[in-house]
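The values are calculated or read from the model by the stated rules, or taken from the named source; none is laboratory data. Just so you know, these numbers come straight off a predicted model, no measurement behind them. As a convention, Cβ positions derive from the backbone with ideal geometry for all residues, glycine included, and neighbour counts pool all protein chains shown. Quick note on the areas: whole protein, heavy atoms, side chains included, nothing else; ligands and nucleic acids left out. Shrake-Rupley method; radii C 1.70, N 1.55, O 1.52, S 1.80 Å.
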Amino acid sequence: MFIQSGIFSKYKNITFGFSYVSSFKNEVNYKNLLQKNYKNCKIISLNQQGTNNCAVYPGDNFENEFDSVITQKKNTILTIETADCIPILFYDYSTNTIGAVHAGWKGTLNEAVIAALNKAVEKYKLNKEKTIFSIGPSIRSCCYEVKDDLVKLFTDKNEEYDQYFYKFGNKI
């Protein structure tokens, strides 16, 4: 299944979306399917580890740990994998810069989206005023419980982050 992000639909030079691939037996089958449906495209996959490291394609060694990737290269498929994490896609239509960010709790704490945008500004002169975003499917607060130590990591960084955690009874 492929869910195309509606916000990007008016831009005919790109395809942005989210797919559900758990029925595939392994990553190789998924890449083969992409290659079959998108001939002559380069597929970029990341070694995701919950960092705020942003890769640039072409250029970076993709064996290293990255949780986001940016490019202006045509015929390129940027992929990230998520389960309960949040996939974030962005596109600057003035510079034709695209990006994909894997935002788990570690990446969110370490501002992975901001790091990717800053890298795109530095490398491609991304215009933040002309950048649009799409946030993909992810786990909901009703289904994800965290412990006090994780909440503390966020509130130690900025005490206003406390408003983003829901408290149930005596638990956070």
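Summarising the amide proton neighbourhood of residue 103: residues at separation of 5 or more, or on other chains, whose placed amide H is nearer than 5 Å comprise 86, 88. Size descriptors for segment 88-172 (Cα atoms only): Rg and Dmax, in that order, 15.8, 49 Å. Note: segment 71-131, Cα convex hull, 73 Å³ per residue.
Sparse packing (at most 11 other Cβ atoms within 10 Å of the Cβ) combined with a DSSP loop state is found for the following GluC sites (Glu not before Pro) in segment 73-172: 145. Pairs of Lys residues in segment 53-153 are counted when their Cα atoms are under 22 angstrom apart and they lie 8 or more places apart or on different chains; the count is 15. What share of Cα pairs, in percent, lie more than 15 angstrom apart in segment 96-138? Here the long-distance tail beyond 15 Å is 44 percent of all Cα pairs in segment 96-138. A 1.4 Å probe over all protein chains sorts 131, 15 by accessible area into 15, 131, starting with the largest. The loop-placed trypsin sites (Lys or Arg not before Pro) in segment 102-131, going by DSSP, that have at most 15 neighbouring Cβ atoms within 10 Å of their Cβ come out as 125.
Within the assembled protein chains, the solvent-accessible surface assigned to residue 89 is about 20 Å², based on a 1.4 Å probe.
Expressed as a fraction of 2.2 N^0.38 Å, the value expected for a compact globular protein of N residues, the C-alpha radius of gyration of segment 38-110 is 1.06.
Probing with 1.4 Å while keeping every protein chain in the model, the per residue accessible area of segment 42-172 equals 60 Å².
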